[in-house]
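One structure is given below, encoded as structure tokens.
Read-outs throughout are calculated quantities, based only on the coordinates presented, and are distinct from any laboratory measurement. All of these numbers come straight from a predicted model, not from anything done at the bench. No Cβ is skipped: glycine too gets one built from the backbone with ideal geometry, and neighbour counts run over all protein chains shown.
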Amino acid sequence: MPETKTILVTGGAGFIGVHTAKKLLEAGHRVIIVDNFNDYYEPSLKEARINRLLEGDYRVYRLDIKNYDALGDIFQEHRIDHIIHLAAQAGVRYSMENPFLYSDSNLVGSINLFELAKKFGVKGMTVASSSSVYGNAKRYPVSEEDSTDMPISLYGATKKSLEAIAHSYHHLYNIPITCLRYFTVYGPWGRPDMAIFKFTHQVLNGETIDIYGHGQTERDFTYIDDIVDGTVKAFEKNLPWEIINLGQGNPNALMECIEFIEQCCQKEAQKKFLPMQPGDVIRTYADNSRARALLGWEPRVGLKEGIERFVKWYKEYYKI
Ligand SMILES: NC(=O)c1ccc[n+]([C@@H]2O[C@H](COP(=O)([O-])OP(=O)(O)OC[C@H]3O[C@@H](n4cnc5c(N)ncnc54)[C@H](O)[C@@H]3O)[C@@H](O)[C@H]2O)c1
């Protein structure tokens with residue numbers, strides 16, 4: 001039997017957070033969730049995820065990771081073995097309108113967690129980074145060795161900074177840290193601001209969908225169960241220091257993704273083609289050989305099957 005650990009999951013009411021917490025609870029661990037349930041998208045979805053998905057030994061703290069003292073009280077109360085740090089202000093486009101949310105949550109909040117990990121002798125951290133650190137890459141697929149010196153959004157820049165800060169804490173205080181670069185994650189209980197969720201909603205409601213980049217973009221869509229599997233494997237391995245891409249390694253054209261949504265919804269989308277939005281990249285495509293080699297990770301769910309599962313969940317949740 002693996003040892004039971006107490007794991008702090010920041011952003012645990014979020015999309016990836018709640019699925020990760022569920023898997024950890026199923027494996028018999030104790031989970032401490034910290035989330036501020038902010039209204040970037042409907043907080044009722046965050047409440048529903050916690051209420052309907054989680055069972056077992058878990059606690060939920062509603063607070064902002066920017067608040068060092070309140071976070072510190074949690075470390076006093078519980079002996080935290082490992083931190084899975086997922087809380088962040090996400091979204092590329094939103095970071096142009098609300099830059100300070102990104103510095104508060106992604107930088108100040110993260111430094112608070114690294115400081116507390118140091119102070120309380122936490123034995124390891126798994127940290128959410130993003131494919132957006134690559135910006136518009138020179139070659140594809142992107143590997144962890146490639147340059148990430150030129151992100152093209154503030155969101156991407158805060159994730160790049162997060163990796164650099166993580167490395168400094170690993171170097172100075174010997175904290176084992178793995179940064180995971182997630183690639184366009186989707187699936188049941190997902191994020192309403194992301195393409196698959198938004199398009200499904202709009203197609204089912206007969207609304208026009210805005211297709212940026214004139215439909216020429218490609219994304220390495222990665223199914224939530226695969227992402228959770230990689231995240232939990234990274235926690236279990238607790239490697240001294242790593243940066244690892246977690247992406248399916250098989251990009252799809254956005255237009256193909258829309259076709260799958262149309263098939264699953266049995267409805268044609270009304271489409272409006274628009275130019276690229278500033279900060280958006282043309283393509284994402286992961287070289288995932290490091291994840292395979294170091295974590296024994298294998299993505300299992302392709303886009304068509306993943307969209308079928310998503311649309312099924314969407315119809316049940318919104319009672320359509
Ligand atoms: N979903 C993706 O495609 C994707 C891709 C790359 C990276 N990521 C990263 O993965 C992590 C999880 O993403 P997600 O898709 O689950 O997003 P999400 O928005 O669903 O989850 C993030 C959670 O963090 C919480 N949060 C945000 N700021 C906070 C703060 N200051 N204090 C406390 N809680 C706070 C939010 O309320 C939310 O529940 C994020 O770090 C994100 O940047 C996600």
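What are the radius of gyration and Dmax of region 153-249, computed over its Cα atoms and given in Å?
That works out to 16.9, 55 Å for Rg and Dmax.
Does region 1-79 come out rounded, prolate or oblate by the C-alpha gyration tensor, with a ≥ b ≥ c the root eigenvalues, rounded set by a/c under 1.5 and, if not, prolate when a/b is larger than b/c and oblate if not?
Verdict is oblate for region 1-79.
Going by how many other beta carbons lie within 10 Å of each one, how would you line up S147, S105, S130, fewest first?
In increasing order of surrounding Cβ atoms, one gets S147, S105, S130.
Calculate the spin-label point distance for E268 paired with S44, positioning each point 7 Å from the Cα along the beta-carbon direction, and give it in nanometres.
For the pair S44/E268, the computed spacing is 3.3 nm.
Could you check what % of the DSSP bridge pairs in the chain are antiparallel, to the nearest 5?
Here the share of antiparallel DSSP bridges comes out near 5 percent.
Mean projection of the alpha-carbon convex hull of the chain over all orientations, in nm²?
Over every viewing direction, the Cα hull of the chain projects on average to 15.2 nm².
Only Cα pairs under 8 Å and at least 6 apart count here; give the relative contact order of the chain as a rounded whole percent.
The normalised contact order for the chain reaches 18 percent.
Please rank E242, E55, E26, fewest neighbouring Cβ atoms within 10 Å first, as an exposure proxy.
Going from least to most buried by this count: E55, E26, E242.
Positive end of the charge dipole of the chain (Lys, Arg +1 and Asp, Glu -1 on Cβ, about the Cα centre): tell me which of F15, V142, Q270 has its Cα farthest that way.
Selected residue: F15.
Could you please rank M194, M255, placing first whichever residue has the fewest other Cβ atoms within 10 Å of its Cβ?
Ranked by crowding around the Cβ, least crowded first: M255, M194.
Efficiency by 1/(1 + (r/R0)^6): what FRET value for R292 and E26, r their Cβ-Cβ distance, R0 = 30 Å, to the nearest 0.05?
For R0 = 30 Å, the calculated efficiency reads 0.80.
Taking the Cα atoms only, what angle lies between the long axis of helix 224-237 and the longest principal axis of the chain, rounded to 10 degrees?
Between the helix axis and the principal axis of the chain, the angle is about 20 degrees.
Add +1 for every Lys or Arg and -1 for every Asp or Glu among the other residues with Cβ under 11 Å from the Cβ of I307, and state the total.
-2
Restricting to Cα pairs below 8 Å that are 6+ residues apart, what does the relative contact order work out to for region 1-133? Please round to a whole percent.
28
May I ask you to derive the relative contact order of region 98-224, considering only C-alpha pairs under 8 Å and at least 6 residues apart, and to give it as an integer percent?
27
Grab the other residues whose beta carbon is less than 9 angstrom from that of V203, score K and R as +1, D and E as -1, and report the net.
Spelling it out: positives minus negatives among the neighbours equals -2.
Using only the alpha-carbon atoms, how far is helix 195-204 inclined from the longest principal axis of the chain? Give it as 0 to 90 degrees, nearest 10.
Result, in degrees: 40.
List residues of region 111-131, by number, whose backbone nitrogen lies under 16 Å from a label position 7 Å along Cα→C-beta of S103.
Residues 111-112 qualify, since their backbone N sits under 16 Å from the label point.
On a 0 to 90 degree scale, rounded to 10, what angle separates helix 303-317 from the longest Cα axis of the chain?
80
Given the DSSP H assignment, sum -39500 (n - 2.57) over each helix run of at least 4 residues in the chain and divide by its residue total; what's the result at 222 nm in deg cm²/dmol, nearest 500?
My calculation for the chain gives -12000 deg cm²/dmol from helical runs alone.
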